[in-house]
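This report refers to the structure that appears directly beneath it.
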Amino acid sequence: MARLSQEDQAREYLDLLVSMELCVKLARKHGEKVNTSLRNCCTALMQRIRDHQNYLIVQGVRKQPFPAGAVDMMRRQLDQFLTDEGGKDE
């Protein structure tokens, strides 16, 4: 597994986050077990991840007792980071 540039790593992370969020939304829409669906999604995503840190993140989500909550936390952290960064003057 290669070490990607920070830009490629960030792109992959965003792609993974959106994929996991879509999985959660579709599972809810179709009345499926959200956490089970998300664990299965993580397993599938892990097959195509190129960055080792992103792999470890998705592996960690998959191992959570409530992985959907972990994905929600990841989104909140990203949104908070972007809000904080957007308000800074350089």
Search region 58-74 for residues that are more than 21 Å from Gln47 (Cβ to Cβ) and among the polar types (S, T, N, Q) and pair each with any residue that is modelled with pLDDT of 95 or more and not in a loop (DSSP other than H, G, I, E, B) when their beta-carbon atoms are under 8 Å apart and the residues are at least 6 apart or on different chains. none
Qualifying positions in region 58-90 - surrounded by 12 or more Cβ atoms within 10 Å (Cβ to Cβ) and either touching a strand residue (DSSP E or B) at 6+ places or on another chain (Cβ under 8 Å) or over 17 Å from Val24 (Cα atoms) (or both): Leu78
Set Cys41, Cys23: member being touching a Leu at 6+ places or on another chain (Cβ under 6 Å) and without any contact (Cβ under 8 Å) to a residue 24 or more places away in the chain: Cys23
Restricting to region 33-52, name every residue that is surrounded by fewer than 14 Cβ atoms within 10 Å (Cβ to Cβ) and either farther than 25 Å from Ser5 by Cβ or of a type in the set (S, T, N, Q) (or both). Lys33, Thr36, Thr43, Gln47
Enumeration of residues in region 1-32 that are loosely packed, with under 12 Cβ neighbours inside 10 Å and among the charged types (D, E, K, R): Arg3, Glu7, Lys25, Lys29
Complete set of residues in region 4-53 that are in contact with a helix residue (DSSP H, G or I) (Cβ under 7 Å, 6 or more places away or on another chain), among the charged types (D, E, K, R) and assigned to a helix (DSSP H, G or I): Glu12, Glu21, Arg28, Arg39
Within region 56-65, can one find any residue that is closer than 22 Å to Ser5 by Cα and in contact with a Phe, Trp or Tyr (Cβ under 8 Å, 6 or more places away or on another chain)? yes
Asp8 - would you say it is without any contact (Cβ under 8 Å) to a residue 40 or more places away in the chain and not basic (Lys, Arg)? no
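The values are calculated or read from the model by the stated rules, or taken from the named source; none is laboratory data. Fair warning: this is a prediction, and the values are worked out from it, not measured in the lab. Reconstructed Cβ throughout: ideal geometry from the backbone, glycine too, with neighbour counts over all protein chains shown.
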